[in-house]
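> Can you read through this structure? Questions will come right after.
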Amino acid sequence: MAAHSRIEAITARIVERSKPHREAYLDRVKRAAAKGPHRAALSCANLAHGFAACSPAEKAALAGDVVPNLGIITSYNDMLSAHQPYETYPALIRQAAKEAGGVAQVAGGVPAMCDGVTQGEAGMELSLFSRDAIAMAAGIGLSHNMFDAAVFLGICDKIVPGLTIAALTFGHLPSVFVPAGPMTTGLPNDEKAKTRQLYAEGKVGRAELLESESKSYHGPGTCTFYGTANSNQMLMEIMGFHLPGSSFVNPGTPLRDALTREAAKRALAITALGNEFTPAGEMIDERSIVNGVVGLHATGGSTNHTMHLVAMAAAAGIKLTWQDISELSDVVPLLARVYPNGLADVNHFHAAGGMGFLIKQLLKNGYVHDDVRTVFGHGLEAYTVEAKLDEKGNVTRQAIPDESGDPKVLTTVDAPFQATGGLKMLSGNIGRSVIKISAVKPERHIVEAPAVVFHGQQELQDAFKRGELNRDFIAVVRFQGPQANGMPELHRLTPPLGVLQDRGFKVALVTDGRMSGASGKVPAAIHVTPEASLGGPISKIRNGDMIRLDAVKGTLEVLVDATELASREAVVIDLSDNEFGMGRELFAAFRRNVGHAEHGASVFA
């Protein structure tokens with residue numbers, strides 16, 4: 001079956017599976033939209049509170065339902081490099097709204113935490129849950145019922161998925177996402193990774209490591225490797241929430257500011273008060289979701305999105321599964337080489353043609369749906385462009401060339417870096433899991449070795465430092481799932497496992513925790529479900545059990561007789577140390593109620 005036929009078939013399957021949920025959702029969206037702009041429904045006291053801090057002209061405009069009001073949801077804070085640029089955005093948006101004959105108000109702020117700061121620390125156990133907390137916080141901001149449309153200022157790991165869930169929950173409102181862009185290129189990512197491995201081996205000290213890290217993460221904007229943050233930006237553009245060509249323009253540039261002003265004006269243009277009403281809940285459909293998954297595979301994107309996309313889709317009544325994601329991976333070629341599955345960073349990707357070239361290749365060869373709605377209008381073809389500034393400082397767009405600016409970074413469907421996408425589902429007697437193979441060499445796609453079991457990443461690091469792991473093995477790091485401790489990312493495992501692999505040992509990781517978009521060269525079966533704390537089969541694995549990870553066939557098996565495995569008692573450990581400190585006690589209800597990883601690890605479903 002041709003690639004486009006497979007994609008059509010998978011899309012049709014998602015549509016059929018989603019039908020009852022999607023129909024109920026769209027009915028709610030239409031009923032909310034049918035009420036029209038809502039300020040006239042507010043009592044005078046309600047309305048007075050809502051615009052008390054506005055200027056007299058803005059109060060006069062908002063007193064009726066003729067002038068559109070734009071709600072700004074912002075994730076600004078000045079500790080995180082990716083979100084620091086948002087400090088100036090509300091002023092830009094208010095001025096742009098005024099020029100367009102509207103009003104804009106900051107409706108609310110949402111938390112934005114950085115996994116890079118909390119990596120290996122207690123705070124990381126709040127990270128995944130922050131996505132749903134962000135959705136709830138954005139919902140509170142929009143619940144004032146004062147707005148005709150919303151703009152969402154967010155960029156990093158859990159922030160964009162959380163904001164997307166909120167945008168689709170308020171699906172009767174048009175929503176435009178406004179990126180801040182990546183920081184300029186610093187120390188090459190492969191040099192940073194090398195220094196981390198040298199530090200893990202004790203060959204360089206903390207001073208050298210900190211210098212390396214500071215040269216990598218050195219200014220405003222997202223980190224430049226292709227992790228979850230930049231995968232988010234790719235998704236927002238290919239799904240139609242961004243304006244064309246806006247995802248990877250650096251902060252603090254005239255073009256970045258012009259794109260922000262344009263986004264505000266476009267959000268006002270697509271309200272119910274105009275002729276292009278584009279409610280987010282109707283705009284995003286099954287085809288949009290499939291386009292997002294295809295983009296993720298074509299770029300070797302973040303494994304976190306095997307959970308986030310499922311949760312985002314569910315917010316629109318769409319039932320996406322890991323099987324859908326895995327089958328799409330079998331069809332979609334890998335077209336980008338951005339670290340960790342290459343040496344380039346996202347600035348190099350953008351310079352090579354970026355999203356415009358990528359979407360053009362995917363459209364031309366039938367891998368994505370063109371017949372979708374976006375915040376820019378109808379059809380994905382409008383996104384096969386590059387954004388520029390005209391002589392007056394306004395955004396203009398030109399068609400993207402047919403040839404890549406750097407074929408080593410961004411290639412064509414005719415000459416892919418890999419025939420299939422970067423993510424696969426594994427299944428077997430351990431359960432179901434996800435693996436990212438775009439950065440793993442083909443000869444390491446199959447690993448069979450004895451298990452070494454750990455109940456936390458520090459245990460593995462300690463064993464490595466004691467010299468106990470100089471052999472072939474598969475590390476089983478369990479009790480790291482959502483219900484156990486919030487499913488932290490386990491990136492501190494990457495340097496020691498990378499060192500051991502470089503020494504010639506066959507190594508792999510099996511865990512019910514996460515590795516995210518920075519999943520690298522070591523084969524890692526992650527998000528194992530059912531998780532250990534629920535008595536899943538991973539909790540029955542013992543030291544020395546042979547495990548076979550086969551990313552070619554898509555299997556993950558512990559090679560133990562089925563009768564013996566069934567008879568084993570599930571290991572239970574004391575998780576009370578994960579219940580307090582750094583705010584973890586505030587999220588006890590999340591740990592109790594969170595769903596399985598394959599269902600989005602959400603408290604909403």
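> For the structure I just gave you, tell me whether GLY554 is touching a helix residue (DSSP H, G or I) at 6+ places or on another chain (Cβ under 8 Å), surrounded by 13 or more Cβ atoms within 10 Å (Cβ to Cβ), in contact (Cβ under 8 Å) with a residue 12 or more places away in the chain and closer than 28 Å to LYS506 by Cβ.
yes
> Output the residue which, of all residues in segment 98-109 that are touching a residue at least 12 places away in the same chain (Cβ under 8 Å) and out of contact with any Leu (no Cβ under 7 Å at 6 or more places or on another chain), is surrounded by the most Cβ atoms within 10 Å (Cβ to Cβ).
This residue is GLN105.
> Right, something else. Working only within segment 516-546, note down all residues that are within 30 Å of ARG337 (Cα to Cα) and either in a helix (DSSP H, G or I) or aliphatic (A, V, I, L, M) (or both).
SER516, GLY517, ALA518, VAL522, ALA524, ALA525, ILE526, VAL528
> Restricting to segment 366-395, count the residues that are more than 19 Å from GLY292 (Cβ to Cβ), among the hydrophobic types (A, V, I, L, M, F, W, C) and in a loop (DSSP other than H, G, I, E, B).
Of the residues in that region, 0 qualify.
> Moving on. Looking at (1) closer than 22 Å to SER438 by Cα; (2) crowded, with 24+ Cβ neighbours inside 10 Å; (3) not hydroxyl-bearing (Ser, Thr, Tyr), find the lone condition where PRO482 falls short.
Only one criterion in (1) closer than 22 Å to SER438 by Cα; (2) crowded, with 24+ Cβ neighbours inside 10 Å; (3) not hydroxyl-bearing (Ser, Thr, Tyr) is unmet by PRO482, namely (1).
> Then there's this: Inside segment 357-398, can you point out the residues that are in contact with an Asp or Glu (Cβ under 9 Å, 6 or more places away or on another chain) and without any contact (Cβ under 8 Å) to a residue 40 or more places away in the chain?
Selection gives LEU363, ASP370, HIS378, GLY379, GLU381, THR396, GLN398.
> Quick one: how many residues across segment 174-192 are part of a helix (DSSP H, G or I) and in contact with a Ser or Thr (Cβ under 8 Å, 6 or more places away or on another chain)?
Total meeting the criteria: 3.
> Next question. Evaluate the following for LEU534: is it out of contact with any strand residue (DSSP E or B) (no Cβ under 9 Å at 6 or more places or on another chain) and aliphatic (A, V, I, L, M)?
yes
> Would you point out the residue of segment 458-478, among those that are buried (at least 24 other Cβ atoms within 10 Å of the Cβ) and touching a residue at least 60 places away in the same chain (Cβ under 8 Å), that is farthest from ILE573 (Cα to Cα)?
Step by step, filter segment 458-478, then rank; the result is ILE474.
> Which condition from (1) crowded, with 22+ Cβ neighbours inside 10 Å; (2) among the polar types (S, T, N, Q); (3) touching a Gly at 6+ places or on another chain (Cβ under 7 Å) is the one that ASN232 breaks?
(3)
> Looking at LEU358, LEU363, can you tell me which residue is modelled with pLDDT of 95 or more, surrounded by fewer than 24 Cβ atoms within 10 Å (Cβ to Cβ) and in a helix (DSSP H, G or I)?
From the options LEU358, LEU363, the qualifying one is LEU363.
> Just name the residue that is surrounded by the fewest Cβ atoms within 10 Å (Cβ to Cβ) out of those in segment 170-224 that are modelled with pLDDT under 90 and of a type in the set (A, V, I, L, M, F, W, C).
ALA207
> Note down all Cβ pairs under 6 Å where the first residue falls in segment 409-435 and is closer than 30 Å to ALA532 by Cβ, the second is hydrophobic (A, V, I, L, M, F, W, C) and in a loop (DSSP other than H, G, I, E, B), and they're at least six residues apart or on different chains.
GLY421/VAL332; LYS424/ALA551; ILE435/ALA551
> Return the pair list, or none, for Cβ contacts closer than 7 Å from residues in segment 176-199 that are on the phi > 0 side of the Ramachandran plot to residues that are of a type in the set (A, V, I, L, M, F, W, C), at least 6 apart or on different chains.
Filtered contacts from segment 176-199: GLY181/PHE248; GLY181/VAL249.
> Among residues belonging to segment 132-150 that are aliphatic (A, V, I, L, M) and within 18 Å of the chain's Cα centre (by Cα), point out the one that is surrounded by the fewest Cβ atoms within 10 Å (Cβ to Cβ).
By that ranking, first place goes to MET136.
> For segment 263-301, name all the residues that are over 21 Å from GLU99 (Cα atoms) and of a type in the set (A, V, I, L, M).
Scanning segment 263-301 gives ALA280, MET283, ILE284, ILE289, VAL290, VAL293, VAL294, LEU296, ALA298.
The values are calculated or read from the model by the stated rules, or taken from the named source; none is laboratory data. No experiment lies behind these values; they were computed from the predicted model shown. For neighbour counting, all protein chains shown are included, and Cβ atoms are generated from backbone atoms with ideal geometry for every residue, glycine included.
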